[in-house]
Amino acid sequence: IMNWIAFIDTQYIKQKSIVEDNVDDKLLEYYIRKAQDIHTQVILGEDLYNSLMAQAIQASTGGYFNSQFYLQLAANYVQPALLEWTIYESIPWINWKLTNKAIVQQTSEKATGIATSDLKWLRSLQQSNAAFYDQRVREFIINNPSEFPEYYQLNGVERIPPASLTGFNYVYTNKYPKGARGRRSDWWIQSCCGPSGTQISF
């Protein structure tokens, strides 16, 4: 069984989003894992996902990513997308709690719970945001096809191929993307990753 590591942590979410510091870390940790297993694995495909996972584990123990491209993929694309999907998955339960007696709504003297209709609207908006970042993940990969061979191959049976569409319009086929649509300028990539072999903490 392959070891597992989260590509982001609760501090990352609270620092880079509007999620308040008082949101329960235990709740966020659960939805980080759920979002990563469902959405990150689907957009990357199982082989690339497992490769990136292994490299993240390697980096977390003092090692390095295999190349600058994998590091950029993780830090500039996968992490922002995973943040958005984590918020999406956690929205319905931020204001609710499972107990041994019932599902109860948590209340506060200074806050009012959101209406169900507003909750659906908010979640739909969050889904659109997450799908946008998923598309950035996919664009980076297919514009650097030689750097991510795992995206174009599938080893074994009953494996998860990369989705050809983002959001919940995932489409699975027996064919994989062939080549790139033309390598575009990477001027929009944040200068966060350093040279090839730069260490990153997960």
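Since every read-out is calculated from the coordinates, none of them should be taken as a lab result. Owing to the predicted nature of the structure, the values given are computational and were not obtained by experimental measurement. A quick note on method: Cβ atoms are made from the backbone with ideal geometry, for glycine too, and the neighbour counts reach across all protein chains shown.
Assorted remarks:
- Taking Cβ atoms as reference points and 11 Å as the exclusive limit, the residues near residue 84 contribute a net charge of 0, counting Lys and Arg as +1 and Asp and Glu as -1.
- The calculated FRET efficiency for the pair residue 17 and residue 61, based on their C-beta separation and a Förster distance of 35 Å, comes to about 0.80.
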